[in-house]
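A quick write-up on the structure given underneath.
The values are calculated or read from the model by the stated rules, or taken from the named source; none is laboratory data. Keep in mind the model is a prediction, meaning the values are calculated, not measured. Cβ: placed from backbone, ideal geometry, glycine included. Neighbour counts: every protein chain shown. Areas reflect the complete protein model, heavy atoms only, side chains present, ligands, DNA and RNA absent. Shrake-Rupley method; radii C 1.70, N 1.55, O 1.52, S 1.80 Å.
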Amino acid sequence: DESSGYESESAGGDRAAAAGGTRGRQRRARTAFTPEQVRWLEKTFQRQKYLGASERRNLATALQLSEIQIKTWFQNRRMKLKRQI
């Protein structure tokens, strides 16, 4: 049995498909960033709120994450900052 450990992975999948959700596709498991990765991301975010393609690529390589994960983290972090202000 190969499971990610999430109970809702199989329990809610059929209902979502029946209700018109994404058929045949499961959501990607949430990324659990390590404390070291978060420190590095936050430090970078303090210097610059937006990353260019090469900066994102370098950061992704250094932190062993995908560029999409870096992009999404920065988008979410900017929204968090906006809510705080």
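Heavy atoms only, probe 1.4 Å: what % of the accessible area of segment 35-84 goes to carbon and sulfur, would you let me know?
52
By the scheme Lys and Arg +1, Asp and Glu -1, what is the net charge of all other residues having a beta-carbon under 14 Å from that of Leu59?
Around Leu59, the surrounding residues sum to +4.
If you look for lysine pairs in segment 35-84 that are eight or more places apart or on different chains, how many of them have Cα atoms under 15 Å apart?
Close lysine pairs under the 15 Å cut-off: 4.
Residue farthest toward the positive end of the dipole of segment 35-84, with Cβ of Lys/Arg at +1 and Asp/Glu at -1: which of Leu51, Pro35, Leu63?
Selected residue: Leu51.
When the Karplus curve 6.51 cos²θ - 1.76 cosθ + 1.60 is applied with θ = phi - 60°, which whole-Hz ³J(HN,Hα) does each residue of segment 76-85 get, with x for Gly and Pro?
Result, ordered by residue: 5, 5, 5, 5, 4, 4, 4, 5, 5, 7 Hz.
Evaluate the charge dipole of segment 35-84 about its Cα centre and quote only its size in Debye, nearest 20, assuming +1 on the Cβ of each Lys and Arg and -1 on the Cβ of each Asp and Glu.
Dipole about the Cα centre, nearest 20: 320 debye.
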